[in-house]
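Computed from the coordinates by the stated procedures, all read-outs in this text should not be read as laboratory data. Note that the structure is a prediction, hence the values are computed from the model and not measured. All Cβ positions, even for glycine, are placed from backbone atoms using ideal geometry, and neighbour counts span all protein chains on display.
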Amino acid sequence: MTEGNHREEAPATPEETYSHAQIMTILSGLLLGLFLAALDQSIVATAVRTIADDLDGLSVQAWATTAYLITSTITTPIYGKLGDLYGRKTLFMVAISIFIVGSAACSFATSMYNLAVLRALQGLGAGGLFTLVLAIIGDIVSPRERAKYTGYFMAVFATSSVLGPVAGGLFAGQESILGIVGWRWVFLVNVPIGIAALVVVMRNLKLHHVRREARIDWFGAAFLAMGVVPLLLVAEQGRDWGWASPQALTAYAVGLLGTVGFLLAERRMGDDALIPLRIFRLRAAAVVIAGGFVIGASMFGAITVLPQYMQIVHGASPTQAGLMMVPMVGGMMAAGILTGQVTSRTGQIRLFPIIGSGMGAVAMFALSFVSADTSLVWMMTGMVFLGLGLGQCMQPLTIIAQNAVPPSEIGVATSASTFFRQLGGTLGVAVFLSILFGSLGDNIVRAFRAEAGTLRAAAEAGEIPRTAADREVLAGLADPSSAGGVFTSVQDDSSVIGRMSDVVAHPFQVGFAESMSAVLLAASVTLLVAFAILSLLPQVTLRTSSASAEARAEQQALGD
């Protein structure tokens, strides 16, 4: 809708600028872009082992994920700042275009190193998708009304969380589709979705933007990369390098120098900074950014380890494990919709992330009692409550952050919130996986010793089929710590457990469940920390005008 369609004597309201039908049309394009980014993370994770096998790069497969993670994380605050300065529509279209080109290029990869470079290109576009989608919604819908559309965002995350592993397994399992190797469709599927998003946004999104001239924070961007890249590298590679190895210590030192340089650069740039430090003096913004960082660590950690439990202990395939996450994502979706409706009608939003983080902590604690014999019903019930808790945190935290800053800086607030949540998630996954695998070997040996008598009796009675994996394990009965190398190899390739008979596999499942229990207990404590942080939230009064409408009203006032 053009400028001539609103009254000159009063600030435009969201309803006067965009009708519900127009918002839904625009939202369809934005959600397609969001779906691209959300789907890519889960679909590639499921197929990456097949991809690495085909490209003869199994030992370096992590670099394909690390390269994408680095570029997408670093560019998140850059997109937010540039959107505030120069407008978000064009920038969003650029981000989608880069993502499409990167996705298409990935499908032609000839080696894992080649794929890592192309995934880095893809990440340059992905960094703008999450941030710009949320910021554009802030431009066209007021914070209070914005909560009504929360359910659509949660639906995208829920769909991608379930569909990603299913599609990834399907494509990876096909030798060829339409004459193209199956796994290459993991990337090619992004192309038509991205083009559809581009067309919808190009035709329907019309944003009023007040261009601001400002210095470009080149030093801030450079120091941000210097501070974050080493941390992401050590988070992804630390278990292989060793957390106190020379490589890790070098990464810590470089990261610390980069962080100090970034803080000094941001202080020097003032309002023109990539992430202006003064937003951390706004209590609401500082609390939700810190709380989001901690929640991101716990949430992404749970999303990473729960499917592994389903696969190793309950023998689920990657596709089945993805479907078993439905209770959690369903709970997140239900909580997001309810939270949005209540917020829209009452204007109350402060309590939701506080209650949600507390509920999530209790659910994680209940799930921490998991064992090798825990029923799926118990797991699914706990996951529903975990989803109900996390679903009350995600969008409300973003809305509060956007509401805490002036409309002209909604992109900075959104990108800062997203950036720190992603960073927290990456570090959380690294820590939780370290807890998992750091204790796994000892727990398996302990469980193996506890069940040694049962195994001997079963072997003597001929009740064990004696597969190759069984024989390796039985050969180590006298010395469980050696066990033919199975105890160490299972940490690199857990599929060996599926080739054992049930009685032989049980001690391994017990060991994994005990390590998993420690991870979930740590995640529960992490969410308690988030609960304590979010309890510091001040009272929040949501604005009733969109950022675009307020910017237009401010421009009119200056003109008068």
**Report entry** Inter-probe distance in nm under a simple model that places probes 7 Å from Cα toward Cβ, at VAL191 and SER28
**Finding:** 2.4 nm
**Report entry** Linear extension gain, GLN539 paired with MET202, 0.36 nm per residue minus alpha-carbon span
**Finding:** 117.5 nm
Query raised in the report: Under the Karplus relation 6.51 cos²θ - 1.76 cosθ + 1.60, θ = phi - 60°, what is the ordered set of whole-Hz ³J(HN,Hα) values for region 187-198, x standing for Gly and Pro?
Result: 9, 5, 5, 5, 5, x, 5, x, 5, 4, 4, 4
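Output the direction-averaged projected area (hull surface divided by four) of the convex hull of the alpha-carbon atoms of region 79-138, in nm².
Numbers: hull surface 15.5 nm².
Seen from a random direction, the Cα hull of region 79-138 projects 3.9 nm² on average.
Could you list TYR152, TYR79 in order of exposure, starting from the residue whose Cβ has the fewest other Cβ atoms within 10 Å?
Values: TYR152 20, TYR79 28.
With the fewest neighbours first, TYR152, TYR79 line up as TYR152, TYR79.
Please arrange ARG144, ARG350, ARG446 by counting, for each residue, the other beta carbons lying within 10 Å of its beta carbon, fewest first.
Ranked by crowding around the Cβ, least crowded first: ARG446, ARG350, ARG144.
Which of rounded, prolate or oblate describes region 219-342 when judged by the alpha-carbon gyration tensor and an a/c cut-off of 1.5? Walk me through the numbers on the way to the answer.
Values: a/c = 3.69, a/b = 1.35, b/c = 2.73.
Taking the square roots of the gyration eigenvalues as a ≥ b ≥ c, region 219-342 is oblate.
Estimate the FRET efficiency between THR110 and ALA457 by the formula 1/(1 + (r/R0)^6), using the beta-carbon distance for r and 51 Å for R0, to the nearest 0.05. Don't jump to the answer; show the numbers that get you there.
Numbers: r = 53 Å, r/R0 = 1.05.
With R0 = 51 Å, the Cβ-Cβ based efficiency is 0.45.
Could you work out the relative contact order of region 13-211? I mean the mean sequence separation of Cα pairs under 8 Å and 6+ apart, divided by the number of residues, in percent. Before the final figure, lay out the partial values.
Numbers: 285 pairs, mean separation 76.9, N = 199.
Taking the mean separation of contacting Cα pairs over the length of region 13-211, I get 39 percent.
How do ILE195, ILE435, ILE400, ILE312 rank when sorted from fewest to most other Cβ atoms within 10 Å of their own Cβ?
Details: ILE195 14, ILE435 20, ILE400 28, ILE312 23.
Going from least to most buried by this count: ILE195, ILE435, ILE312, ILE400.
Per 0.36 nm of contour for each residue apart, how much would the distance between VAL94 and ILE216 grow if the chain were fully extended, relative to their Cα-Cα spacing?
Numbers: separation 122, 0.36 × 122 = 43.92 nm, distance 1.87 nm.
Taking 0.36 nm per residue and subtracting the Cα distance, the gain is 42.0 nm.
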Report task. Treat each spin label as a single point 7 Å out from the Cα along the C-beta direction, and report the SER317 to ARG345 distance in nm. Result -> 4.4 nm
Query raised in the report: So what J values fall out for region 263-269 if you push phi through Karplus, 6.51 cos²θ - 1.76 cosθ + 1.60 with θ = phi - 60°, rounded to Hz, Gly and Pro as x?
Result: 4, 5, 5, 5, 5, 5, 7
Report task. Please sort 528-536, 234-242, 118-126 by packing, taking for each peptide the average over its residues of neighbouring beta carbons within 10 angstrom, highest first. Result -> 118-126, 528-536, 234-242
Requested in this report: Report, to two decimal places, the Cα Rg of region 358-464 normalised by 2.2 N^0.38 Å (N = number of residues).
Outcome: 1.69
**Report entry** Listed peptides 293-304, 247-258, 419-430 by packing density, highest first (mean Cβ within 10 Å)
**Finding:** 293-304, 419-430, 247-258
Query raised in the report: So what are the ³J(HN,Hα) numbers for region 151-158, from phi and the Karplus equation (6.51, -1.76, 1.60; θ = phi - 60°), rounded to whole Hz, Gly and Pro as x?
Result: x, 5, 5, 5, 5, 5, 5, 5
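If Lys and Arg each add +1 and Asp and Glu each add -1, what is the summed charge of the other residues whose beta carbon sits under 15 Å from the beta carbon of SER371? Numbers along the way, then the final one.
Working: positive: ARG446; negative: ASP373, GLU451, GLU514.
After counting each charged neighbour, the total is -2.
Between ALA244 and ASP53, what FRET efficiency follows from the Cβ-Cβ distance if R0 is 25 Å, with the result rounded to 0.05? Display every interim value, and only then the final one.
Details: r = 32 Å, r/R0 = 1.28.
The calculated FRET efficiency here is 0.20.
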